[in-house]
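Here is the structure we will look at.
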Amino acid sequence: MDFTIIFDKHKEEKLFGRYITNKHIEPLLQNLNTDFEVSVAGKSVKEKPIYTIKVGRGKTKVHMWSQMHGNESTTTKALFDFFNVLNSDSDLASDLKKTFTFLCIPILNPDGAEAYTRINANEVDLNRDSKDLSQPESQLLRKLFEDFQPDFCFNLHDQRTIFAAGDTANPATVSFLSPSYNEQREVNEVRQKAINVIAEMDAELQKHIPNQVGRFDDSFNINCIGDMFQSLGVPTILFEAGHFQDDYQRETTRKMIFISYLSALQAISENRILVNKTIEYFNIPQNKPIFYDFIYKNVKIVLDNFEKSITFAAHYNEILLDNKVVFKATIRQIEGLEGNFGHYTYDFQNQLFENQEGISPVIDSDADFLIGTHSKIVNGLLKK
């Protein structure tokens with residue numbers, strides 16, 4: 001199966017970038033054919049509709065939910081690419097709908113999506129509410145889980161640009177986790193199934209993004225939805241959409257998530273997940289938070305007649321402005337960057353900061369400055 005060709009054919013062009021809300025997906029829901037059962041399953045804190053899409057008539061039931069964190073939209077885009085596959089008259093669509101029944105929530109946290117925040121309107125992280133169930137969105141997700149009784153759960157998220165695949169200079173473009181079901185992080189039959197699916201996805205992704213797949217930390221927290229559902233006996237997989245080189249809109253990552261969906265379903269349908277893949281799973285390098293968006297090396301500063309060469313780093317802040325996500329670079333770290341990497345790295349070979357003495361970078365200031373006489377940094381990037 002050529003996943004790249006399938007993606008190119010079915011990519012939903014009306015969804016792009018990082019800001020995805022109900023207003024963006026509602027016209028697309030109206031275009032789904034009669035195989036799809038589109039419902040308003042519940043309401044958010046601010047009474048926004050939470051949609052579910054049910055499709056397929058197969059024995060194996062897969063529950064998928066995205067944007068539990070409102071500002072994590074890459075997996076939502078990939079969901080609509082996947083819906084376009086199922087909405088087609090292809091043999092693949094027919095096979096998937098015969099084998100599986102899907103219950104999908106494209107945006108679980110529509111208030112957070114609209115405000116472009118991780119939390120919901122009550123400032124609660126829904127992924128820390130699986131035990132208390134204090135929020136209407138959390139309560140709805142649990143009810144759908146109990147009513148649907150899935151065979152597999154796909155918990156769909158984005159992760160920050162800080163993560164590398166292990167200790168390497170490779171960004172963790174996609175990361176996975178088979179959550180722990182107990183404090184001891186043991187592997188039972190339920191967790192094993194999720195492990196085996198992840199190993200199959202990793203094997204496929206290595207063909208597309210070699211050495212850029214990570215494994216998320218498996219510390220047990222029953223307040224997290226994945227740990228809860230795994231402990232309740234349903235194989236659950238955490239998907240984390242991360243950074244690909246120069247892809248801050250996460251369009252390449254979206255493709256990798258789409259490929260992950262299809263490769264997981266193919267492995268399940270072909271019973272390849274019956275093979276124990278524990279070794280392969282734990283060989284996936286664990287995520288390490290060792291990236292900055294920008295690293296500036298060998299910058300000279302002169303303070304009190306003392307000359308020093310420093311390295312400092314900046315990160316993007318994601319700011320919602322006029323319904324668009326704007327990336328604003330801010331200086332975050334000065335020195336102490338051994339073992340860290342930058343998505344953009346500049347070596348200034350001992351040129352003077354701001355081309356004058358008595359000045360040095362300031363943490364939390366904008367990443368707009370001059371190095372030497374000609375190197376101008378504007379919003380983090382070296383202006384050419």
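Among the criteria (1) assigned to a loop (DSSP other than H, G, I, E, B); (2) within 23 Å of the chain's Cα centre (by Cα); (3) over 24 Å from GLN230 (Cβ atoms), the one ASP89 does not fulfil is (2).
If you check LYS77, LYS98 for being touching a Lys or Arg at 6+ places or on another chain (Cβ under 6 Å), assigned to a helix (DSSP H, G or I) and either among the charged types (D, E, K, R) or buried (at least 18 other Cβ atoms within 10 Å of the Cβ) (or both), only one passes: LYS77.
Yes or no: GLU26 assigned to a loop (DSSP other than H, G, I, E, B) and either acidic (Asp, Glu) or touching a residue at least 12 places away in the same chain (Cβ under 8 Å) (or both)?
no
Quick one: would you say THR52 is under 22 Å from the mean Cα position of the chain (by Cα) and modelled with pLDDT of 95 or more? So THR52 fits the description; yes. Would you check which residues across segment 332-369 are assigned to a strand (DSSP E or B) and within 19 Å of ASN317 (Cα to Cα) and list them? Across segment 332-369, the qualifying residues are ARG332, GLN333, ILE334, PHE341, GLY342, HIS343, TYR344, THR345, ASP366, PHE369.
The one condition from (1) more than 30 Å from LEU177 (Cα to Cα); (2) at pLDDT 95 or above that ASN287 does not meet is (1). What pairs can you find where one residue is in segment 320-340 and within 19 Å of LEU381 (Cβ to Cβ) and in the same structural domain as SER365 (by TED's automatic domain parsing), the other is β-branched (Val, Ile, Thr) and not in a strand (DSSP E or B), and their Cβ atoms are less than 6 Å apart, with a gap of 6+ or different chains? What qualifies is ILE331/ILE363; ASN340/ILE290.
So is LEU262 in contact with a strand residue (DSSP E or B) (Cβ under 8 Å, 6 or more places away or on another chain), closer than 30 Å to ASP95 by Cα and buried (at least 16 other Cβ atoms within 10 Å of the Cβ) or not? It is false that LEU262 is in contact with a strand residue (DSSP E or B) (Cβ under 8 Å, 6 or more places away or on another chain), closer than 30 Å to ASP95 by Cα and buried (at least 16 other Cβ atoms within 10 Å of the Cβ). Among the residues of segment 33-61, those identified as more than 22 Å from ALA264 (Cβ to Cβ), of a type in the set (D, E, K, R) and either exposed (fewer than 13 other Cβ atoms within 10 Å of the Cβ) or in contact with an Asp or Glu (Cβ under 7 Å, 6 or more places away or on another chain) (or both) are GLU37, LYS46, GLU47, LYS48. Listed by position, the strands (runs of 3 or more DSSP E) inside segment 236-305 whose residues that are of a type in the set (Val, Ile, Thr) number at least 3 are 291-303. Selection of segment 271-299 for residues being without any contact (Cβ under 8 Å) to a residue 60 or more places away in the chain and surrounded by fewer than 19 Cβ atoms within 10 Å (Cβ to Cβ) yields ASN271, ILE279, ASN283, LYS297, ASN298. Go through segment 68-83 and count every residue that is touching a helix residue (DSSP H, G or I) at 6+ places or on another chain (Cβ under 8 Å) and under 21 Å from GLN230 (Cβ atoms). Residues meeting the conditions: 3. The residue that is farthest from the chain's Cα centre (by Cα), counting only those in segment 269-298 that are of a type in the set (Lys, Arg) and farther than 30 Å from LYS59 by Cα, is LYS297. Taken over segment 366-384, the criterion of being of a type in the set (S, T, N, Q) and exposed (fewer than 12 other Cβ atoms within 10 Å of the Cβ) is satisfied by THR373 alone.
The values are calculated or read from the model by the stated rules, or taken from the named source; none is laboratory data. Not measured: the values here are computed from a predicted model. Cβ: placed from backbone, ideal geometry, glycine included. Neighbour counts: every protein chain shown.
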